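Read through the structure below, which is laid out as structure tokens, and then see the notes.
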Amino acid sequence: MMNGGLSLLSVRQQVSAAIRAAIHDGELPPGARLTERQICERAGVSRTIAREVVRELEAERLIESNRRNGFVVASMSLKEIGDLYDMRVLLEARACQLCAEAMTPEIARRLDLAMAAIESAAAGDDREAQRTSNTLFYETIFEAADNVVLGQILHSLHGRISFLRSRSMSRPGRPQESLRELKAILAALKAGDGAAAARLSTTHIEAARSVALAALGDHGRNGQASARKDVEA
């Protein structure tokens, strides 16, 4: 139940974040139905707030309209997933290059703080903390790049790819590998070496792509095995 003393905007943000996390963690898998009534019952909020949450999640393409079921959690084809990673490779390389060129002690300080949060999250098994700390690191880079359109596009891409990041981070050893890759990017950024930062960014994203697709394959095989057991039982 949400705190009635919070502003309408704060309540909506909290409910959106909770539903978003449920989608990213697989609690609400692709194809799962999501209605305003479910949100009201789940979060203890009004229909008005639930309607705003649905609109926000639809705009982020996390849910999609379904003629029979109202709204369902969006699914992505392997091609669409590949396209998302391709765009990340191209755009984040540019963002890293611009960030390195604009590097200042203040930007470096903020990146260091974000990296400390990533290290702390990697040491545990809190997926939400891993997502939040990674988002802080990337958003700092995008802001420092000082290209509004580039930042908006990348923000949208990261919103859609968070589900895949959760799958990737669930693989044994991946949080630590990702941490090493991000530290290398950070070192290049702080050195003002845009070319190296762009190259390391591409290496990191390609590794993330490979691990995420492998994790999705395992998830699909496990689901099929479970279904076979149900049939055999």
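The values are calculated or read from the model by the stated rules, or taken from the named source; none is laboratory data. This structure is a prediction, so every number in the text was calculated from the model and none was measured. Cβ atoms come from the backbone with ideal geometry, glycine included; neighbour counts cover every protein chain shown. Just so you know, the surface numbers come from the protein's heavy atoms only, side chains and all, with ligands and any DNA or RNA stripped out. Shrake-Rupley method; radii C 1.70, N 1.55, O 1.52, S 1.80 Å.
If Thr35 passes every condition in (1) over 27 Å from Ser170 (Cα atoms); (2) among the hydroxyl-bearing types (Ser, Thr, Tyr); (3) under 17 Å from the mean Cα position of the chain (by Cα) but one, which one does it miss?
(3)
Scanning region 148-177 for residues that are open to solvent by 60 Å² or more (accessible area, probe 1.4 Å) and assigned to a helix (DSSP H, G or I), which turns out nearest to Ala214 (Cα to Cα)?
Glu177
Suppose we filter Ala208, Ala184, Ala197, Ala188 for residues that are over 29 Å from Pro30 (Cα atoms) and in contact with a Lys or Arg (Cβ under 9 Å, 6 or more places away or on another chain); which single one remains?
None of the other options fit; the residue is Ala188.
Go over the candidates Ser120, Ser77 one by one and state the one that is free of Cβ contacts under 8 Å to residues at least 12 places away in the same chain and of a type in the set (Ser, Thr, Tyr).
Answer to the check: Ser77.
Scan region 72-99 for residues that are open to solvent by 50 Å² or more (accessible area, probe 1.4 Å) and in contact with a strand residue (DSSP E or B) (Cβ under 9 Å, 6 or more places away or on another chain) and jot them down. Walk me through how you get there before you give the answer.
Residues of region 72-99 that are open to solvent by 50 Å² or more (accessible area, probe 1.4 Å), as a first pass: 75-79, 83, 86-87, 90, 94, 97.
Hit for region 72-99 is Ser75, nothing else.
Each row is one residue, and each column tells you yes or no for (1) without any contact (Cβ under 8 Å) to a residue 60 or more places away in the chain; (2) open to solvent by 50 Å² or more (accessible area, probe 1.4 Å); (3) under 17 Å from Ser156 (Cα atoms).
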{"site": "Asp25", "(1), (2), (3)": "no, yes, no"}
{"site": "Pro30", "(1), (2), (3)": "yes, yes, no"}
{"site": "Thr35", "(1), (2), (3)": "yes, no, no"}
{"site": "Gln38", "(1), (2), (3)": "yes, yes, no"}
{"site": "Arg42", "(1), (2), (3)": "yes, yes, no"}
{"site": "Thr48", "(1), (2), (3)": "yes, yes, no"}
{"site": "Glu58", "(1), (2), (3)": "yes, yes, yes"}
{"site": "Ile63", "(1), (2), (3)": "yes, no, yes"}
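Using beta carbons and a limit of 8 Å, which pairs, at least six apart or on different chains, have the first residue in region 180-209 and within 18 Å of Asp86 (Cα to Cα) and touching a residue at least 12 places away in the same chain (Cβ under 8 Å) and the second one open to solvent by 60 Å² or more (accessible area, probe 1.4 Å) and of a type in the set (D, E, K, R)?
Listed pairs, sorted by first residue: Ala198/Arg94; Ala207/Glu177.
Name every residue in region 163-191 that is among the small types (Gly, Ala, Ser), farther than 14 Å from Phe137 by Cα and under 19 Å from the mean Cα position of the chain (by Cα), in order of residue number.
Ser166, Ser168, Ser170, Gly173
Of the residues Glu52, Glu128, which single one is modelled with pLDDT under 90, in a helix (DSSP H, G or I) and either out of contact with any strand residue (DSSP E or B) (no Cβ under 8 Å at 6 or more places or on another chain) or open to solvent by less than 20 Å² (accessible area, probe 1.4 Å) (or both)?
Glu128
Read through the list (1) at pLDDT 95 or above; (2) part of a helix (DSSP H, G or I), then give the number of the only condition that Ala121 fails.
Of the numbered conditions (1) at pLDDT 95 or above; (2) part of a helix (DSSP H, G or I), the odd one out for Ala121 is (1).
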